[in-house]
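Below: the structure, in structure tokens.
Read the figures in this text as sums done on the coordinates, not as results from a lab. Treat the numbers as computed from the prediction; the structure is a model and nothing was measured. FYI the Cβ positions are ideal-geometry reconstructions off the backbone, even for glycines, and counts take in every protein chain you see.
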Amino acid sequence: MPFWRALLQRTPLQPLESVPPYATPAAWASIYTGATPAEHSVLDFIDLAASDGRLVSGHSIRAAPIWKRLSDHGRRVAMIGFPLTYPPPTVTGVMVSGLPAPHRGALWSYPAEFDARLRAIPGFLPDPEMASPRVEREQSIVRLETHVQSVAQAALAAHEAYGRLGWDLFAVQFQALDAFQHMFWAWVDPEDKRFLSYPPSERQRARQFFRVLDDALRRLVETLQPSDILILSDHGFGPAYEAICPNHLLLDQGLLRLSVTRSRWHASLWMQSALKRLDVLNLRARLRFSARPGAAIDGLNRLTRDDLIDRQKSPAFVFSGGYCGLVNIKPGFESTVREALLQARHPTYNTPLFRSVTFPAELWDGPWLEAWGRCAIIQPQEGYLVDSHFRHYGLVAPVSAGLTGTHRPTGLLWTTLEALRPAQHVLHITPGILRALGLPFSQSQFGTDGAESSSPPLSSEDQAAVEERLRRLGYL
């Protein structure tokens with residue numbers, strides 16, 4: 001990324017702490033509002049504050065997001081491709097929805113007239129459809145590169161159509177980077193123990209993705225000529241070597257009840273194993289998956305998780321499909337479940353599997369705590385992600401769908417905006433932008449009391465180390 005490398009000469013990088021459970025919905029809702037999940041209500045891709053199990057949407061953010069605050073003050077705003085912006089809200093400017101917007105039969109933009117231009121852009125979708133790199137490595141990379149280019153083209157088209165009066169905030173989100181790192185982390189991280197198992201030509205091809213991303217960034221900056229630039233990640237990333245399936249542990253501990261007989265449950269696990277052996281064409285890996293799953297993925301979820309759990313009688317079960325995991329725990333079982341998870345050990349290495357089990361009320365205060373019931377956030381040790389399904393491997397399984405990377409708590413912030421120099425947490429982003437634009441905000445209103453970061457500003461030595469890490473990963 002030579003263009004970004006040149007930008008880095010202007011100002012140093014900063015660490016940016018995310019919010020548990022370090023997943024896209026909670027993190028972006030916190031960035032938009034400056035509020036904690038207990039104040040804006042979003043934790044995962046399922047709207048836990050709704051009664052019908054619907055996917056999150058723009059309506060799920062139950063605090064004022066930055067685009068509303070700017071529009072209410074007559075400031076011009078563009079938001080292109082951001083999560084949780086469907087259906088597209090009315091703004092003073094332009095809005096293009098990101099995941100989990102439907103890929104078909106939906107209006108993606110405000111103003112509605114802009115939708116025709118979006119659909120004329122080759123490869124544009126609210127989020128990239130992913131297939132496992134086990135079967136479509138080259139095609140998957142090309143698809144993700146095309147998505148980056150299409151989002152940049154959508155942003156430039158929005159500027160051309162509505163930018164004659166200028167912008168107070170023009171923001172673009174490249175969801176393809178998240179998808180790329182989930183799938184191809186092991187291809188670009190030299191410290192990943194799988195890195196050398198891939199041919200050099202494949203590793204080099206994967207790194208070309210960053211050049212496409214860099215070119216998109218260059219086109220946006222050169223066209224828009226912003227007075228200040230802000231680049232941030234909603235969370236960090238790292239390798240995923242194995243998946244932890246806590247529902248197996250909860251079942252063994254008597255904390256989860258099956259809705260089927262044990263023989264039916266064992267038959268389900270046997271069928272998984274048989275399908276894996278028979279699937280010589282990798283048909284499962286060819287399924288496209290996204291934040292808005294299709295019928296095939298929904299069917300697999302029911303077969304390997306939902307239809308097997310008696311939710312009414314189970315003291316605890318993992319219901320989230322996220323990469324950190326959420327556990328639903330009935331009152332009176334909190335300590336038992338926490339202890340069982342924290343004492344869980346790898347069946348081969350006898351090492352701890354979980355770093356923390358935390359109840360949101362221990363982190364935050366806000367009106368939506370009650371809506372989540374006794375929901376606990378579980379954070380695995382590094383190198384693992386949480387799988388909410390039952391897998392025939394048992395408690396610890398290979399990562400599914402060929403994923404090799406997963407979320408981590410600490411991301412990065414780079415900005416020329418003086419008001420964001422002190423920012424160390426995603427909760428500080430919106431207050432900093434509003435301060436820079438001279439708009440009012442209340443510290444208590446944004447819930448930043450709980451946003452103290454465990455990461456101090458980077459020293460010059462740390463800055464050099466981070467930049468060297470980015471070079472090894474292929475960014476620079």
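Label-to-label distance for Q139 and F441 is 4.4 nm, based on points extended 7 Å past Cα in the beta-carbon direction. Counted residue by residue at 0.36 nm each, then reduced by the alpha carbon distance between them, the extension gain from D307 to D52 reaches 90.1 nm. When the GluC sites (Glu not before Pro) in segment 151-252 are filtered for DSSP coil states and for at most 14 other beta-carbon atoms within 10 Å of their beta-carbon, the remaining sites are E191. The calculated FRET efficiency for the pair E339 and L107, based on their C-beta separation and a Förster distance of 56 Å, comes to about 0.70. Per-residue ellipticity at 222 nm computed for the chain from its helices equals -10500 deg cm²/dmol, with DSSP H segments shorter than 4 residues left out and the rest contributing -39,500 (n - 2.57). Considering only S150, V221, P15, the residue lying farthest towards the positive end of the dipole of the chain is S150, judged by Cα position with unit charges set on Cβ.
Counting Lys and Arg as +1 and Asp and Glu as -1 over every other residue whose Cβ lies under 13 Å from the Cβ of L353, the net charge comes to -1.
Sequentially through segment 193-204, phi angles give Karplus couplings (6.51, -1.76, 1.60; θ = phi - 60°) of 5, 8, 3, 6, 7, 9, x, x, 5, 5, 5, 5 Hz, Gly and Pro residues having no value and appearing as x.
Label segment 183-276 by shape, choosing from rounded, prolate and oblate, from the square roots a ≥ b ≥ c of the eigenvalues of the Cα gyration tensor; if a/c is under 1.5 it is rounded, and otherwise prolate applies when a/b is larger than b/c, oblate when it is not.
prolate
The alpha-carbon atoms of the chain, seen along their principal axes, cover 67, 52, 51 angstrom, with the largest extent given first.
Put a dot 7 Å past the Cα of R164, heading toward its Cβ, do the same for L412, and the two dots end up 3.9 nm apart.
For L413, the amide hydrogen comes within under 5 Å of the amide hydrogens of Q14, L16, counting only partners 5 or more places away or on other chains and with H modelled in the peptide plane. Shown is the FRET efficiency for R257 and F195, computed with R0 = 60 Å from the Cβ-Cβ distance and rounded to the nearest 0.05: 0.90. Quick one: if the Förster radius is 30 Å, what FRET efficiency do A267 and E362 give, using the C-beta to C-beta distance and rounding to 0.05? Efficiency, from the Cβ-Cβ distance: 0.15.
Taking trypsin sites (Lys or Arg not before Pro) across segment 1-97, the ones in a DSSP loop with at most 14 further Cβ atoms lying within 10 angstrom of their Cβ are R10, R54.
Taking Cα centre as origin and charging only the Cβ of basic (Lys, Arg, +1) and acidic (Asp, Glu, -1) residues, the dipole magnitude of the chain rounds to 1160 debye. Taking the centroid of alpha carbons for each part, segment 337-377 and segment 406-428 are 25 Å apart.
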